[in-house]
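Below is one structure; the comments refer to it alone.
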Amino acid sequence: MTAAAIPPDESRTLIDALLDDQRTLTAVERFARWHESPDESVPPAYRRLLPASSPRPGEQYAFEVNLDQCSGCKACVTACHSLNGLETTETWRSVGLLISQLSTITPQPSQQHITTACHHCADPGCLNGCPVLAYDKDPVTGIVRHLDDQCIGCQYCVMKCPYDVPKYSDRLGIVRKCDMCHSRLAVGEAPACGQACPNEAIRISVVVTKTITSQFRNPGPTTFLPGSPDPAITLPTTRYLSTRPLPGNLLAGDHALLRPAHSHLPLVFMLVLTQLSVGASTAAVFIAPAKWLALLAATTGIGALGIASLHLGKPLKAWRAFLGWRKSWFSREVIMFCGYALIAVINAAAFWCPPLAAAPKPRAVAAAVSGLMGVVCSAMIYVDTQREFWRAGQCFGKFLGTTLVLGTVTTLWVHANGLANSNPLVAALVALLLIATTAKLSWERRIFHYLVDVNTPVLTSLNKSARLLNDQLGLATRGRIACGIFGGIILPALFLLQHAPALIFAALLLCVVGELLERFLFFAAVAPVSMPGGIPA
């Protein structure tokens, strides 16, 4: 047929267009042909998903995601789950959704599927926070691997990772995560997720770590991914590419989802009881006789450490928790509280064992100082996660406030029977308890400045925390406030009017319950920014 005989474009009909579409292979058909080709001389298709060379010094492997090719089919999720033998509810790769808000910037609605897994960060938070050195960043490939046999199941890496990557297994008692299929990469095979993608949306590339650092650590806007955590926290290496510029007002599909976080009940009791113990030890420095305060501090501190082991998936390996002391605040907390417990026991035993009775004041001061340093380490564990609800002001205000409130009410209860209500010490302790409780409740109430209407389209993490405290966790919030008012204000004031030790015992119980509820809300109401998820059902 000559060129003149070729029909002009104007003569093409809808039938012609449909016939042309039928001659074009779909992504699934192309994928099937790649894997069924009988020609062994042709390299496997997955070779195109790998870089031409291995990383050189200063470089590392990274995932590269072509957003234009991701259709949200979740073949990558299925392949990862199958290859790694994950549990039913365990996923190392997920597919989320970004949706646009209708505005003058984006007058037309749009959506973008996002496939995410471990970003194998240049400065991984999971590795920096692990108390037992159960993470390793390969010096050649840069892949961040989890060492299952080292893990004690403390789940601190889950809190430290802003991308919700490490997954805790209740059955195994350890955390597990994506390792970029490093065993496949070692023999020239692409990871399961990339090899399963029919559109080749996931590849492995080589990135320069200094470039990642300068891109995310320097002031100015970053270009990681809309709706995701601040990349400056851990320097993620995953590259999200698109020929179309993504609108700046994209929101995660699960942006408006309000769901209480894990409450970590053993940690709730451990934190409150250690702070009660430290408060009693501190009071024993200034108030005599200190015998019963020291005994109460020692027994409560030992009990708190025992309860803390219930939080671990592998409690028999807890002795290894000091190994990460160079970087992990968890390790530092363990070291400080173990030292504090030893000093507190010696301080209490000295009242009954004359050979230990020398230098009572330095001994009591050592117990108080080591305990307060342990409380500081406890607060820093959560500050270091860089979650908005766990900012330094909130953590230190709550933890040191609990130490002051419970230490004061415990001291008042210990001395309630031996002192008259006209004694200046009783009046001073009651006044301190009233002031401390009022200040702490006022400090906790500041979160409600961020409470917004249910129809607010864009929610910050603090907006979500305030909504959780007001709605799903409203009963616990009101119970906490009631216990604080009655236990820390009303009953102590009544004790001044009527010297009844039972009032102070009831105040102590209510204060402890109130602080337990506050610490429960501390964990349950946190709403961290994470990678985009799907629209909830």
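List the pairs from Lys177/Lys464; Lys160/Lys317; Lys291/Lys361 whose alpha-carbon separation is above 19 Å, in the order I gave them.
Going by Cα-Cα distance, Lys177/Lys464; Lys160/Lys317 fall outside the 19 Å limit.
222 nm [θ] for the chain, helices only, -39500 (n - 2.57) per DSSP H run of 4+, per residue, to 500?
-14500 deg cm²/dmol
Could you run the Karplus curve 6.51 cos²θ - 1.76 cosθ + 1.60 with θ = phi - 60° over the stretch 364-380 and give me ³J(HN,Hα) per residue in whole Hz, x for Gly and Pro?
Coupling constants for the stretch 364-380: 5, 5, 4, 5, 5, 5, 5, x, 5, 5, x, 5, 4, 5, 4, 5, 5 Hz.
Search the structure for amide H atoms under 5 Å from the amide H of Arg239, placed 1.01 Å from N in the peptide plane, and list their residues when 5 or more places away or on another chain.
Amide H neighbours of Arg239, under 5 Å, 5+ apart: Phe63, Glu64, Val65.
Using Cα-Cα distances under 8 Å and only pairs 6 or more residues apart, what relative contact order does the chain have, in percent?
Normalised by residue count, the contact order of the chain is 17 percent.
So what's the gap between the Cα centers of the stretch 514-529 and the stretch 474-508, to the nearest angstrom?
About 21 Å separates the Cα centre of the stretch 514-529 from the one of the stretch 474-508.
Could you pull out every one of the aspartates and glutamates with an alpha carbon less than 14 Å from that of Lys210, ignoring same-chain neighbours closer than 8 positions?
By straight Cα distance, Lys210 reaches Glu59, Asp123.
In whole angstrom, note down how far apart the Cα centers of the stretch 414-473 and the stretch 139-161 are.
36 Å
Where both residues lie in the chain, what percent of DSSP beta bridges are antiparallel, nearest 5?
90 percent
Quote the relative contact order of the stretch 264-319 in percent (integer), defining contacts as alpha-carbon pairs under 8 Å separated by 6+ residues.
Across the stretch 264-319, relative contact order equals 46 percent.
If the cut-off is 15 Å between C-alpha atoms, which aspartates and glutamates fall inside it for Lys440, apart from same-chain ones fewer than 8 positions away?
Within the straight-line limit of under 15 Å, Lys440 reaches these aspartates and glutamates: Glu515, Glu518.
Between Asn218 and Thr78, what length comes free when the chain is fully extended (0.36 nm per residue of separation minus the Cα-Cα distance, one decimal in nm)?
Extra length available between Asn218 and Thr78 comes to 46.7 nm.
By the scheme Lys and Arg +1, Asp and Glu -1, what is the net charge of all other residues having a beta-carbon under 11 Å from that of Glu64?
Here the charged neighbours net out to +1.
Can you give the net charge of the other residues whose Cβ lies under 14 Å from the Cβ of Gln215, counting K and R as +1 and D and E as -1?
Spelling it out: positives minus negatives among the neighbours equals +1.
From the backbone phi of the stretch 72-89, what are the Karplus-calculated ³J(HN,Hα) couplings (6.51 cos²θ - 1.76 cosθ + 1.60, θ = phi - 60°) in whole Hz, Gly and Pro given as x?
x, 6, 6, 4, 5, 5, 5, 5, 4, 5, 6, 5, 8, x, 6, 6, 4, 9
With charges only on Cβ, +1 for K and R and -1 for D and E, what is the dipole size of the stretch 450-537 about its Cα centre, in debye, rounded to 20?
The calculation lands at about 40 debye.
Using alpha-carbon pairs under 8 Å, 6+ residues apart, how would you state the relative contact order of the stretch 304-443 in percent?
17 percent
Based on the mean of other beta carbon atoms within 10 Å per residue, what is the order of 66-77, 110-121, most packed first?
Going by the mean number of other Cβ atoms within 10 Å, highest first, we get 110-121, 66-77.
Which one, Gly188, Val369, Ile335, is farthest towards the positive end of the dipole of the chain when Lys and Arg carry +1 and Asp and Glu -1 on their Cβ?
In the chain, that residue is Val369.
When averaged across all projection directions, what area in nm² does the alpha-carbon convex hull of the stretch 406-485 cover?
6.3 nm²
What are the equivalent ellipsoid semi-axes of the stretch 347-494, built from the alpha-carbon gyration tensor (square roots of five times its eigenvalues), in whole angstrom, biggest first?
One finds semi-axes of 37, 22, 10 Å for the stretch 347-494.
Packing-wise, with mean Cβ within 10 Å as the measure, how do 308-318, 55-65, 151-161, 242-252 rank, highest first?
Sorting 308-318, 55-65, 151-161, 242-252 by mean packing, highest first, produces 151-161, 55-65, 308-318, 242-252.
What does the net charge come to around Gln472 if you take all other residues with beta carbon closer than 15 Å to its beta carbon, with K and R at +1 and D and E at -1?
+4
Only one of the values [x] 29.4, 116; [y] 23.3, 79; [z] 25.6, 93 was calculated from this structure for Rg and Dmax of the Cα atoms in Å; name its label.
For Rg and Dmax of the Cα atoms in Å, the calculated option is [x].
Just so you know, all these numbers are worked out from the coordinates, no wet-lab data involved. Keep in mind that what you see is a predicted model, and the values were worked out from it rather than measured. Cβ sites come from the backbone with ideal geometry, for glycine too, and all protein chains shown count toward neighbours.
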